[in-house]
Amino acid sequence: QVQLVEAGGGLVQAGGSLRLSCVASGRTFSNYAMGWFRQAPGKEREFIAALTWNGFTRYYSDSVKGRFTISRDNAKNTVYLQMNSLNPDDTAVYYCAADRSFMLPLRPQDYDYWGQGTQVTVSS
């Protein structure tokens, strides 16, 4: 079992920045690919970003490419999502997820473990 706890969400004005963190516990963090997803009310869960176990390969959705950066610190069992140039369309609950894989999973069904989510609200 892997437990994931997100933090860092909140209310921010359009154009602002937030940094989300996700701390993992329970298993060897460095064995897991990590991803970030988000879900807005009435919408499906959307892939945002993912990176491999060693952080060498990253992938972003077109909606956040150039604005968001995913990173990880295996020594701290933590994955981060730096979000810049936020706009109201980024308002959602943000989830981190873990998959015991050396690949780079992009679909929600590829992930084995999920955090509880953290709310991000961007005001116009």
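The values are calculated or read from the model by the stated rules, or taken from the named source; none is laboratory data. Since the structure is predicted, the reported quantities are computational estimates derived from the model, not experimental observations. When we count neighbours, we look across all protein chains shown, and the Cβ atoms used for this are built from the backbone with ideal geometry, even at glycine. These accessible areas exclude ligands, DNA and RNA; they are computed on the full protein's heavy atoms, side chains included. Shrake-Rupley method; radii C 1.70, N 1.55, O 1.52, S 1.80 Å.
Shown here for the range 46-124: chymotrypsin sites (Phe, Trp or Tyr not before Pro) in loop regions (DSSP other than H, G, I, E, B) with at most 14 other Cβ atoms within 10 Å, namely Phe56, Phe102. Taking all protein chains together and rolling a 1.4 Å probe, Leu11 ends up with roughly 130 Å² accessible. Evaluating 6.51 cos²θ - 1.76 cosθ + 1.60 at θ = phi - 60° for every residue in the range 81-97, the Karplus couplings come out as 9, 8, 10, 10, 6, 5, 9, x, 5, 7, 5, 4, 8, 9, 10, 9, 8 Hz, glycine and proline recorded as x. Hey, got a sec? Which trypsin sites (Lys or Arg not before Pro) in the range 48-80 land in a DSSP loop and have at most 14 other Cβ atoms within 10 Å? Taking the range 48-80 and a limit of 14 other Cβ atoms within 10 Å, the loop trypsin sites (Lys or Arg not before Pro) found are Lys65. For the range 20-85, the fraction of C-alpha pairs farther apart than 21 angstrom is 24 percent. Tyr32 sits among other residues whose Cβ lies under 9 Å from its own Cβ, and their net charge, with Lys and Arg +1 and Asp and Glu -1, is 0. Based on C-alpha pairs under 8 angstrom that are at least 6 apart in sequence, the chain has a relative contact order of 37 percent. Overall dimensions of the chain, expressed as equivalent-ellipsoid semi-axes from the Cα gyration tensor (√(5λ), whole Å, largest first), are 23, 14, 14.
Modelled spin-label separation between Asp110 and Gln39, with each label point placed 7 Å from Cα along the Cα-to-Cβ direction: 1.9 nm. When both bridge partners sit in the chain, DSSP labels roughly 90% of those beta bridges antiparallel.
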